[in-house]
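Below is one structure, written out as C-alpha cells; comments come after it.
The values are calculated or read from the model by the stated rules, or taken from the named source; none is laboratory data. What you see is a predicted model; the values in this text were computed from it and never measured. Reconstructed Cβ throughout: ideal geometry from the backbone, glycine too, with neighbour counts over all protein chains shown. Remember, those area values only see protein heavy atoms, side chains included, never the ligands or the DNA or RNA. Shrake-Rupley method; radii C 1.70, N 1.55, O 1.52, S 1.80 Å.
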Amino acid sequence: MTRLGLRSGWLAILAACTPPAPTDYPWHIPADYPRPVVPDRNPMTAAKVTLGRHLFFDVRLSWNGEQACASCHQPEHAFSEPRQTAVGSTGERHARNTLALVNVAYSDAFMWAHPGLRGIEAQTLVPLFGEDPVELGIAGHEREVFARFDDDPDYRRRLSEAFPRADAFALQHVVDALACFVRSLTSFDTPFDRYAYAGEDDAMDERAIRGLNHFFSERFECHHCHGGLNFTASSTHGDVALPSTTFHNTGLYNVGGDNAYPDHDQGLYELTEQPTDRGKFRAPTLRNVALTAPYMHDGSLPDLGAVLDFYAAGGRNLTTGPYAGDGRANAYKSQFVRGFDMTPEERDDLLAFLHALTDPSFVERAVRSRLDVQANRHL
Amino acid sequence: MKRCRSLSWPRKSIVIAALALGSQACSPATQPVTTRFALDPLPSLAPTASPATLRFYVSDLHMVNAHGQATPVRLTAAPPYQDERTALVSLPGDDESGNTVVHGTVPRGDYVHLEFLLGIPFARNHGNPLQAAPPLDRPAMFWAWQSGHKFLRLDLGNAWSFHLGSTGCHSTSAVRPPQDECRRPNLARIRLPAAVATDGQIEVDLGALIAAVNPTTDENCMGSYADADTCRRVLDALGLDAGTGRCLADCRGQRVFRAARR
C-alpha cells in the first residue's frame, strides 16, 4: 500500500539534530491544567511558533504554490474545513475529512488511522511529502521550495531568530517550526471548562448540564471513546507515560454485507492489513466540534444532529448506492456503538452540551494569527 | 546499606516482570512485598472477542498475621504504574506494554495473608481529574468526576466489555464529586495466602470471571450490574453482591484471583 508512504530517510534526518536551550514558553493553558508532552528534541519557543505560523499560512510551502497548510486547516473552523473531504494542492480529492487542529499537543496518535506515527514532527512529513494522496506535494522539490524562503529577508530573519545556528532553510527547520506552531494551538476557554473545572455553576445552562450528564452516562456511552481532558481516548499529557491509542469501527458502512468499508478507505486495515481492523478510525477530540462539520472520517454526516442520530441507531443502514449495506450489523463494530433510545429533548440537551465545548477565543486568536501573517506577506 | 534477604527468581517465566527490587530502599526491619499477576489463559474466543485486555487498580495492600492483625504495605513510588498507595496492573494486550508486578515493603513479620482492595478507596476515587497523577491519570480507566475511576476494565476484542467501578454516586452533575460515599462502592477486598508476596504469584482466572458470559451475544457490564443476570454473576465471581455493591461474606468466595507457584 503506498498510501501515506514516507521515505524513511526523512525520519533519520529528523533524529539527528541538536536541541536549543529549553525555554519557558508562555502556553495558552490555564494554570491548573496539565501541560502537554513536548519532545526534548524540539522544545517550544516563541520564535519557532512565529516561524511555524508564517509557514502554516504560506502557499509557497506547496510545490505548485496553490496551497498552504491553512487551505484545508482553516482557522474559522478550528483548523478543519467545511468540505466533505480534503482536496490537495494538485486538485486530487482525498478520501478523508480534514481533522481539526485542537490540542494536538496532547495527542498520542495522529491522523484518522495511523498507529505508527509518533509525534507531530513525524506527522508533518505526511502533508509535506505524501504522494498518495498529494497534499503540499514537495517531494523531490524540497530544495527549490525551501529556497523560496531563503530568498525572503523576512523569513531569513525569522529563521535566525528561531534557529540561531541555521544559515539556510532545511527540512528540519520547517518541520520543527510547523510542529511548534501546531503544538501552540491549545483550547480550553469553554463554558464546559468554566463549569467543570473552574466550578462556575452558571457557566452552562440547565440544558447543557443535562446534556453533559447524558454524555457521561452508561446509557449513551459517549465518554468511553470521547473521554478525558480532550474528549478523545488518544490524548496524553505531561504526567502520562502510557499512551492509550484506540481505533474503532462505528458501523458507518457494511458494504454488501461483507463487513467492509468502501474499497478506497478501509481505515486502520490499510496499514495493518488485519481483517479485524477494517473500518477502524480514531475518535477525534470533541473540543470545538460544533465548528468542524461535516463529520466522520469521510465527512459523510452533515451535522451534529445527524451524528447523534447515527449513534442512537447504532450505526448506519445504507439501502441504496455503491456502498449499500447495514453498518449496524458490521461484525467489527465497536461494542460501545450499540444504539440507544433518545428523546427529542435529550437530543437537544446533548447538542447544547456539544456546543458548550466551543472556545470562541481560540477561533479569534486563530483568525487573528492569519491576519498578522497576511499583513506581513511580501509576495 | 545492609543486604536484604535475597530472593531468587525462576528464569523461566511467562510473565515479563519489571522488578525494581534492586533500587528499592530496604533494611533488615522491612521485607519486600512483590506481587506478580499472571493471566490464566482463556479458552479460545471468537475472533471478534479477542484479544482480551485486562487492567485493574490495586490499593490498600496489607499483610495479615495469624492473629488477624493487618499491617499496611508501603508501595514503592514508581510512576507510571504505581504510587505509594495504588498500583495499576495491566495484563498483556494489544496496545499496552503491560505491568504485572506490584511492589513495596512491609515491616518484617510472620504473615499468613496478603489482602488488597480491587479498585480505589472512595477518598481517592473522586479527585480533580486535571490533577490526577500516575497511576490515576489514565483516561481509559476513568469515568467522570462523579463516578470516579474504573476499578477493573476487561475488553474482549470489540465484542464485550466489563468495566467495574462505584455506582450510585450522587452529586449535582457528572463533573462534580460526590460528598458521600457511593451507594454501591463495588470494592472487592481480596485475601490470598501470604506466599503470593514472596515466592508465589497471583493467577487471574478470566475464565472464572466470565464463566456466565457469552461475549458475542451478551450486553456489556458497565454500570447497572444488578439489572442483568450475566453482570450479577460476573460480580459474584469477584465476591461482590451486585445489589448492595458490597462484599458477600468478606468477598472470600471470589473465584478470580488465586495463589499459584511462580
Seminar exercise, completed: Taking Rh as the Kirkwood radius computed over alpha-carbon pairs of the range A:264-318 and applying Stokes-Einstein at 20 °C with viscosity 1.002 mPa s, one gets a diffusion coefficient in µm² s⁻¹ of 171 µm²/s
Exercise. Counting only DSSP beta bridges with both residues in chain A, what percent are antiparallel, rounded to the nearest 5?
Worked result: 85 percent
Seminar exercise, completed: Checking B:Ala70, B:Ala242, B:Ala194 against a Gaussian network model of chain B (alpha-carbon springs below 10 Å), the top fluctuating residue turns out to be B:Ala70
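Starting from the Kirkwood Rh over alpha-carbon pairs, what translational D in µm² s⁻¹ does the range B:198-262 have by Stokes-Einstein at 4 °C and 1.567 mPa s? Numbers along the way, then the final one.
On the way: Rh = 12.6 Å.
In µm²/s, the coefficient is 103.
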For this session: Express as a percent, rounded to the nearest 5, the fraction of DSSP beta bridges in the protein assembly as shown (both residues included) that run antiparallel.
Result: 90 percent
For this session: Principal axes first, then extents: for the Cα atoms of the range A:47-147, list largest minus smallest coordinate on each axis, whole Å, largest first.
Result: 34, 33, 30
Exercise. Put A:Met342, A:Met44 in order of accessible area, largest first, 1.4 Å probe: what do you get?
Worked result: A:Met342, A:Met44
Seminar exercise, completed: Rounded to a whole number, the mean other protein chain Cβ count within 10 angstrom for residues of A:209-216 is 3
For this session: Bin width 5 Å, alpha-carbon pairs only: give the P(r) of chain B as whole percents, running from 0 to the bin holding the largest distance.
Result: 1, 6, 13, 17, 19, 18, 13, 8, 4, 1, 0, 0
Problem set entry | Coil-residue chymotrypsin sites (Phe, Trp or Tyr not before Pro) of the range A:116-223, DSSP, other Cβ within 10 Å capped at 13 | none
For this session: Give me the net charge of A:Gln84's neighbourhood, meaning all other residues with Cβ under 15 Å from the Cβ of A:Gln84; Lys, Arg count +1, Asp, Glu -1.
Result: -2
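What's the Kirkwood radius of chain A in Å, using all Cα pairs? Write down the numbers at each step before the final one.
On the way: mean 1/r = 0.0462 Å⁻¹.
Kirkwood hydrodynamic radius for chain A: 21.7 Å.
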Exercise. Mind listing the phi-derived Karplus ³J(HN,Hα) values for the range A:37-42, rounded to whole Hz, using 6.51, -1.76 and 1.60 with θ = phi - 60°, and x for any glycine or proline?
Worked result: 7, 10, x, 4, 5, 9
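Taking square-rooted eigenvalues a ≥ b ≥ c of the alpha carbon gyration tensor, is the range A:191-355 rounded, prolate or oblate, where a/c under 1.5 means rounded and, failing that, a/b exceeding b/c means prolate?
Values: a/c = 2.33, a/b = 1.47, b/c = 1.58.
Here the range A:191-355 falls in the oblate category.
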Problem set entry | Shielding score for A:201-207, defined as the mean number of other chain Cβ atoms within 10 Å | 1
Exercise. What shape does the protein assembly as shown have by the C-alpha gyration tensor, where a ≥ b ≥ c are the square roots of the eigenvalues, rounded means a/c under 1.5, and otherwise prolate means a/b greater than b/c and oblate the rest?
Worked result: prolate
Seminar exercise, completed: Note on the range A:191-355, DSSP bridge orientation, antiparallel percent to nearest 5 equals 75 percent
Problem set entry | Most mobile listed residue (A:Cys222, A:Cys180, A:Cys69) in chain A, GNM with C-alpha springs under 10 Å | A:Cys222
Seminar exercise, completed: In cubic angstrom per residue, the convex hull of the range B:130-188 built on its Cα atoms measures 106 Å³
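Once a ≥ b ≥ c are taken as the square roots of the eigenvalues of the Cα gyration tensor of the range A:117-258, is the result rounded (a/c under 1.5), prolate (a/b larger than b/c) or oblate (a/b not larger than b/c)? It would help to have the intermediate numbers written out before the result.
Numbers: a/c = 3.00, a/b = 1.68, b/c = 1.78.
The shape class here is oblate.
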For this session: Calculate, in whole percent, how much of the Cα-Cα pair population of the range B:146-262 lies beyond 21 Å.
Result: 42 percent
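Please compute, for peptide B:137-146, the average count of beta-carbon atoms on other protein chains lying within 10 Å of each residue's beta-carbon. Kindly include the intermediate steps, with their values, before the conclusion.
Details: counts 10, 5, 15, 8, 2, 3, 6, 8, 3, 2.
Rounded to a whole number, the mean comes out at 6.
Return the calculated 222 nm mean residue ellipticity for chain A, to the nearest 500 deg cm²/dmol, obtained by summing -39500 (n - 2.57) across DSSP H runs with n ≥ 4 and dividing by the residue count.
Values: 13 runs with 123 residues, N = 379.
Counting only the DSSP helices, I get -9500 deg cm²/dmol.
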Seminar exercise, completed: Note, the range A:136-148: 3J(HN,Hα) by Karplus (6.51, -1.76, 1.60, θ = phi - 60°), whole Hz, Gly/Pro = x, goes 7, x, 8, 3, x, 10, 3, 4, 5, 5, 5, 4, 4
For this session: First select every other residue whose beta carbon is under 9 angstrom from the beta carbon of B:Pro121; then total the charges, Lys and Arg +1, Asp and Glu -1.
Result: +1
For this session: Return the long-range amide H neighbours of B:Leu39 (sequence gap of 5 or more, or a different chain), with a cut-off of under 5 Å between placed amide H atoms.
Result: B:Val204
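Could you report the range A:203-347's accessible area per residue, 1.4 Å probe, as an integer in Å²? Don't skip to the answer; put the middle values down first.
Numbers: 5430 Å² over 145 residues.
That works out to 37 Å² for each residue.
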For this session: Mind ranking A:352-361, A:246-255, B:173-182 by how tightly packed they are, going by the mean number of other C-beta atoms within 10 angstrom, highest first?
Result: A:246-255, A:352-361, B:173-182
For this session: Nearest 100 Å² is fine: how much accessible area is buried between A and B, summed over both sides, with a 1.4 Å probe?
Result: 2700 Å²
Seminar exercise, completed: Rounded to whole angstrom, the alpha-carbon centroid of the range A:267-329 lies from that of the range A:93-171 at a distance of 28 Å
Problem set entry | Mean Cβ count within 10 Å, highest first, over the residues of peptides B:213-219, B:199-205, A:318-324 | B:199-205, B:213-219, A:318-324
Exercise. For the range A:191-355, which whole-number percentage of the solvent-accessible area (1.4 Å probe, protein heavy atoms only) is attributable to carbon and sulfur atoms?
Worked result: 50 percent
Exercise. When we measure straight from the Cα of A:Lys48, which aspartates and glutamates land under 12 angstrom away, once same-chain ones fewer than 8 places off are left out?
Worked result: A:Glu161, A:Asp176
